[in-house]
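So the structure is just underneath, and the comments pick up after that.
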Amino acid sequence: MTPPEPRDIERFQSGSPWEESIGFSGAVAAGDRVLVAGTLPLAEGGELMGEGSPYEQTKAAFGNALKALASFGLDASSVIRTRMYLTHARDVEFAGRAHREIFEEVRPAATVVIVSGFVDSRVLVEVELEAFRGGA
């Protein structure tokens with residue numbers, strides 16, 4: 001039996017195949033905060049976007065994460081923190097350029113972490129977002 005959920009928590013399912021198998025939500029809104037889970041540069045059909053390009057993959061992954069935010073009526077201007085997970089330190093400049101193009105006016109707190117890999121070995125970038133929805 002599933003326990004009742006507090007009224008002020010909303011969950012968004014992105015359609016990722018891992019949401020069911022792992023048991024998570026693509027995004028969760030709790031009070032004034034919206035947290036977007038690790039997001040890959042995958043199109044709706046599951047095909048990789050920007051194959052081989054850390055810049056294109058970063059833009060695509062953030063695009064997917066921002067779609068999750070839009071389900072709560074938010075956009076890039078609401079983002080207060082970003083995280084970029086990269087498989088290669090050499091890609092920091094490319095991912096950073098994509099981040100700057102999307103968030104230059106917003107200037108969220110940002111973190112870059114180098115990791116050993118992802119579920120799909122073609123993926124070079126995974127991102128997370130945290131947003132603030134004041135007055136929620």
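Values quoted throughout were computed directly from the atomic coordinates according to the rules given, and no laboratory measurement underlies them. The structure displayed is predicted, hence computed values, not measured ones. Glycine also receives a Cβ, built like all others from the backbone with ideal geometry; neighbour counts cover every protein chain displayed.
In the calculated pair distance distribution of the range 73-136, what percentage of Cα-Cα distances lie above 20 Å? The calculated P(r) of the range 73-136 puts 32 percent of pairs beyond 20 Å. Taking amide H atoms as placed 1.01 Å from N in the peptide plane, the amide H of Arg133 lies under 5 Å from those of Arg33, Val34, each 5 or more residues away in sequence or on another chain. For the range 56-61, the Karplus equation 6.51 cos²θ - 1.76 cosθ + 1.60, evaluated at θ = phi - 60°, returns couplings of 5, 5, 5, 4, 5, 5 Hz by residue, with Gly and Pro reported as x.
Place a label point 7 angstrom from the Cα of Gln13 along the Cα-to-Cβ direction, then list the residues of the range 64-106 whose backbone nitrogen is under 18 Å away. So the set is 68-69, 71-72.
Basic side chains Lys and Arg get +1 at the Cβ, acidic Asp and Glu get -1 at the Cβ, and with that the dipole of the range 9-132 about its Cα centre reaches some 280 debye. Residues Glu101, Glu128, Glu10, arranged from fewest to most other Cβ atoms within 10 angstrom of their Cβ, appear as Glu101, Glu10, Glu128.
By the beta-carbon count within 10 Å of each Cβ, the least crowded to most crowded order of Glu126, Glu104, fewest first, is Glu104, Glu126.
Electrostatic tally near Arg122: other residues with Cβ closer than 11 Å to its Cβ, Lys and Arg +1, Asp and Glu -1, net -3.
Among (i) 2, 11, 20, 20, 15, 11, 8, 6, 4, 2, 1, 0; (ii) 2, 8, 13, 14, 14, 12, 10, 7, 6, 5, 4, 3, 2, 1, 1, 0, 0; (iii) 2, 10, 21, 23, 19, 13, 7, 3, 1, 0, which one is P(r) over Cα pairs in 5 Å bins from 0, in percent computed from these coordinates? Recomputing P(r) over Cα pairs in 5 Å bins from 0, in percent here gives the entry labelled (iii).
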